[in-house]
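Just below is one structure, and these are the notes that go with it.
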Amino acid sequence: MYLDSNILIFAALDNGQRGADAIKLLRMIRDGHIKANSSPLVVNEVMRATQRALGREQADRIVAGMMLLPFSWLDIGYGCIHHARRHFKNGLDPTDAFHAAVMNDYNLSVIVSEDAHFDKVECITRISIREALNRK
């Protein structure tokens, strides 16, 4: 399962139920109850969103904490560009196209995301935070 950046952003910035659920999911990952994959793309998005909202120092703290989570960190190689272009041509924005491409490169089919744009990608099944919590 690949974890989209919006899950980490909600954990950091959303004070409502969605943020609480995101924190619960991250704790389950931290405690080894759920295995998750991530990539430097996610770090980039989390860093950018949290810096805008909270400032550079707090964004760095959030990213430092994120790096302690037991994700399988997926590299982004040159071949990823070909998959990303295909997803981009099919309507995903550039960043989401690269997330989908990384998933393709690692044969991952499930993404935890609240972003419905991933619903258009045939080879990917998007599940919500709530669905991920219920899968444990």
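Name the one entry in Glu131, Glu122, Glu114 that is acidic (Asp, Glu), surrounded by fewer than 21 Cβ atoms within 10 Å (Cβ to Cβ) and outside any loop (DSSP other than H, G, I, E, B).
The match here is Glu131.
Just one of Ala20, Ala36, Ala59 is touching a residue at least 12 places away in the same chain (Cβ under 8 Å) and over 15 Å from Met1 (Cβ atoms); which is it?
Ala59
Every residue in the range 2-17 that is among the aliphatic types (A, V, I, L, M) and either free of Cβ contacts under 8 Å to residues at least 40 places away in the same chain or surrounded by fewer than 19 Cβ atoms within 10 Å (Cβ to Cβ) (or both), please. It would help to see each step written out before you state the result.
If we filter the range 2-17 for residues that are among the aliphatic types (A, V, I, L, M), which is where we start, we get 3, 7-9, 11-13.
Selection gives Ala11, Leu13.
In this structure, does Ala101 turn out to be over 24 Å from Gly16 (Cα atoms), outside any loop (DSSP other than H, G, I, E, B), touching a Cys at 6+ places or on another chain (Cβ under 8 Å) and aliphatic (A, V, I, L, M)?
yes
Looking at Gly79, Gly65 in this structure, which one is surrounded by fewer than 18 Cβ atoms within 10 Å (Cβ to Cβ) and in contact with an Asp or Glu (Cβ under 9 Å, 6 or more places away or on another chain)?
Gly79
Go through the residues of the range 49-71 one by one and say whether even a single one is among the hydroxyl-bearing types (Ser, Thr, Tyr) and either in a helix (DSSP H, G or I) or touching a helix residue (DSSP H, G or I) at 6+ places or on another chain (Cβ under 8 Å) (or both).
Within the range 49-71, one or more residues are among the hydroxyl-bearing types (Ser, Thr, Tyr) and either in a helix (DSSP H, G or I) or touching a helix residue (DSSP H, G or I) at 6+ places or on another chain (Cβ under 8 Å) (or both).
FYI, it's all coordinate maths here, none of it is from the lab. Please read all numbers here as calculations on a predicted model, not as lab measurements. A quick note on method: Cβ atoms are made from the backbone with ideal geometry, for glycine too, and the neighbour counts reach across all protein chains shown.
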